[in-house]
Every structure is written in structure tokens, then in C-alpha cells.
1. Work out from phi, with θ = phi - 60° and the Karplus expression 6.51 cos²θ - 1.76 cosθ + 1.60, the ³J(HN,Hα) of each residue of segment 63-79, listed in order in whole Hz, and give x for Gly and Pro.
2. When the dipole is taken about the Cα centre of the chain, and only Lys, Arg (+1) and Asp, Glu (-1) are charged at their Cβ, what size is it in debye, to the nearest 20?
3. Test of understanding: what is the full-extension gain from Q307 to T111, defined as 0.36 nm times their sequence separation minus their Cα-Cα distance?
4. Kyte-Doolittle mean at least -1.0 and Cα extent at least 24 Å along the axis: which DSSP H helices of the chain qualify?
5. Of the beta bridges DSSP finds with both residues in the chain, what % are antiparallel, to the nearest 5?
6. Stretched out fully, how many nm does the piece from A207 to A66 gain, at 0.36 nm a residue minus the Cα gap?
7. With +1 on each Lys and Arg Cβ and -1 on each Asp and Glu Cβ, how big is the dipole of segment 114-203 about its Cα centre, in debye rounded to the nearest 20?
8. How high is the relative contact order of the chain, in percent, with contacts defined as C-alpha pairs under 8 Å that are six or more residues apart?
Amino acid sequence: MSKSYPTKIEIREVGPREGFQSFHAVVSTSEKLKLIDALARAGLKEIEVTSFVRPDKVPQLADAEALVNALPAHAEVRYTALYLNQTGFKRAEAAPAIKNRAWLYASPSKTFLKANNNTTPEEALARVAEWCELFNDHGKDVHGLMVSNAFGCAYEGPIATDVVVKLVNTYQAELARNKQTLREVCLADTVGMGNPDSVEHIVTALAPLKIPISLHLHDTRGLGLVNAYAGLRSGVTIFESSVGGIGGCPFTPGASGNIATEDLVYMCHALGIQTGIDLASLAKAAHVAQSIMGCALPGRVYKTFSQSS
């Protein structure tokens with residue numbers, strides 16, 4: 001127990017994208033905007049609001065352009081949007097309100113990559129130079145590598161730490177050939193197969209690269225928050241979470257929502273870790289999400305606040 005906590009962390013809210021992409025009903029643009037505004041008012045400084053994907057594949061996000069063109073004005077908030085291919089990236093860049101960093105997406109799971117990105121590991125790596133050129137055309141340097149299924153895959157089972165480390169090293173080497181480097185590696189527990197030991201092991205194994213590590217944790221098997229705690233103990237200071245714990249991946253069987261943002265904030269505040277987020281206001285946002293979804297959400301802490309508190 002000799003490890004200490006960080007004094008403050010950064011929380012990136014992904015609920016408006018994660019939460020609605022796999023919801024059985026199509027949520028109206030106005031309701032999505034209401035939730036985004038509530039999250040911004042709670043103090044979230046970065047909110048992923050949608051994904052620029054094919055409407056026939058994810059009809060719940062078919063309003064991407066309409067949504068980003070009507071985002072509430074909060075000067076201190078960075079609005080971002082997910083993209084999985086170059087067409088999606090260009091659509092996101094065409095929206096003035098979206099301030100995306102330049103991310104590459106990878107996974108140690110061949111099956112997931114095919115289902116989610118319609119590509120293979122070899123094809124994805126071969127496109128790095130093309131991505132670098134596209135980023136450069138839009139005035140961006142490569143920022144990060146998102147590694148989906150970093151702890152396990154619904155299709156292929158557990159993923160070994162050394163496989164993930166090799167994947168990150170391979171991308172770092174390919175980027176170096178293109179005079180780029182990674183500024184962040186986001187480890188995504190896409191189907192919630194991680195545990196505290198595996199989180200600590202992989203963060204420790206990647207430490208020699210001296211690249212900031214972030215965690216995108218799902219709570220499929222009930223270990224999401226304790227995995228976040230393991231991340232804190234290992235020095236992680238950037239987390240992605242979802243208001244109310246809503247969400248999941250529409251292309252991965254059994255992928256439930258992320259850790260609930262308000263639960264993560266409550267834990268951090270209890271440990272003396274600053275988040276810059278007002279918990280009571282965040283609970284109000286979770287109640288907004290509950291009203292939109294029409295059912296109780298997986299998150300716990302928001303239920304201890306009344307809707308009017």
C-alpha cells in the first residue's frame with residue numbers, strides 16, 4: 001500500500017456517444033443536447049458528443065451533423081466526436097464546434113477490428129502513414145492510440161499484457177518512421193474483462209515508454225470502479241467514463257456501459273483527488289439521462305441525490 005494517489009485527474013465524458021450508440025430507441029437531437037448541456041454545467045471539460053459513423057450501421061447517431069451544429073455554447077468545454085475511418089474524420093473536421101485530437105485506433109483482437117472497423121491489424125498498421133498525412137493536412141500532429149479490448153475480447157478471450165505492449169511498440173515505431181510520436185495511449189476494457197491486477201500489470205509494463213496512459217473502463221462484470229482505483233494507484237490521471245454508466249459497443253457481444261462518471265467522481269473526492277466536477281450537478285445530469293432512457297441506470301451515486309437537489 002505504498003503507492004499514492006494523484007492529486008487531481010482529468011475525466012473525459014463519453015456518455016452522449018457511448019450511451020446512445022447502442023440504445024434500442026433513437027433519441028431525439030433535442031434530448032441529447034439537453035444532456036450535453038447538463039454535463040457541461042456540472043464541470044465536465046471534455047465531452048464526446050457523437051460518432052461520425054454510417055447511419056445504416058448506427059442509426060442512433062444518424063443526427064451527428066445536426067447535433068454538432070446545435071451544441072450549447074460553453075467556452076471552457078472541448079467537444080469531441082468519435083471516428084473510425086477517414087470519412088468519419090473528415091466529417092468531424094467539417095464541424096467547427098468539434099475540437100478533436102488526432103487519434104489512431106487499434107486492437108489486439110483481429111475479430112473485433114473486423115467487426116468494429118472493417119479492417120485487419122495489418123491493414124490498420126499499413127494506413128498509419130496515410131493517417132499522418134491526413135492529420136497533417138488538417139494541421140494536427142498525432143495525439144494518441146486507442147487500444148480496444150486491451151484486457152480481453154468477447155470473441156477471442158483474455159488478452160495477454162505482452163501482446164498489448166507489442167502492439168503499442170509497433171505503432172510507436174511506425175509513427176517514428178513518419179516523424180510522429182504518441183502523446184497518449186488509451187487502454188479500453190471494451191467488454192469489462194479487466195481486473196485490478198491486469199490493470200496494474202499493463203500500466204506498469206507500458207511505463208518505460210514514458211507515454212501518458214488513460215483508461216476507458218467498462219463495468220460489464222462489476223469491476224469497473226475497482227479497476228479505476230487500481231489505475232489511480234498505478235498513477236493514471238486520465239479516465240473516460242459515462243454519465244449513469246450508460247453505453248456499450250454495438251459491435252461487441254455483451255459490452256455494457258462504462259463506469260459511471262458520478263461514481264468515479266464520488267470515489268475520487270472521497271480519496272481527496274480533485275476532478276473539477278460538481279457532484280450534485282453531475283447527479284442532475286444523470287437524472288436527465290435516466291429520464292431520456294426511461295429506466296434506472298447502472299450508476300449508483302446519482303440515485304442518492306433527488307432530481308431537484
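1. Rounded to whole hertz, the list is 8, 3, 5, 4, 5, 5, 7, 10, 4, x, 7, 9, 4, 8, 9, 8, 8.
2. 220
3. 66.3 nm
4. Going by DSSP H runs, the hits are 161-177.
5. If I count the DSSP bridges inside the chain, around 10 percent turn out antiparallel.
6. 46.7 nm
7. Charge dipole of segment 114-203: 160 debye, to the nearest 20.
8. Once normalised by length, the contact order is 21 percent.
Where a number appears in this text, it was derived from the coordinates with a stated rule and is not lab data. Fair warning: this is a prediction, and the values are worked out from it, not measured in the lab. FYI the Cβ positions are ideal-geometry reconstructions off the backbone, even for glycines, and counts take in every protein chain you see.
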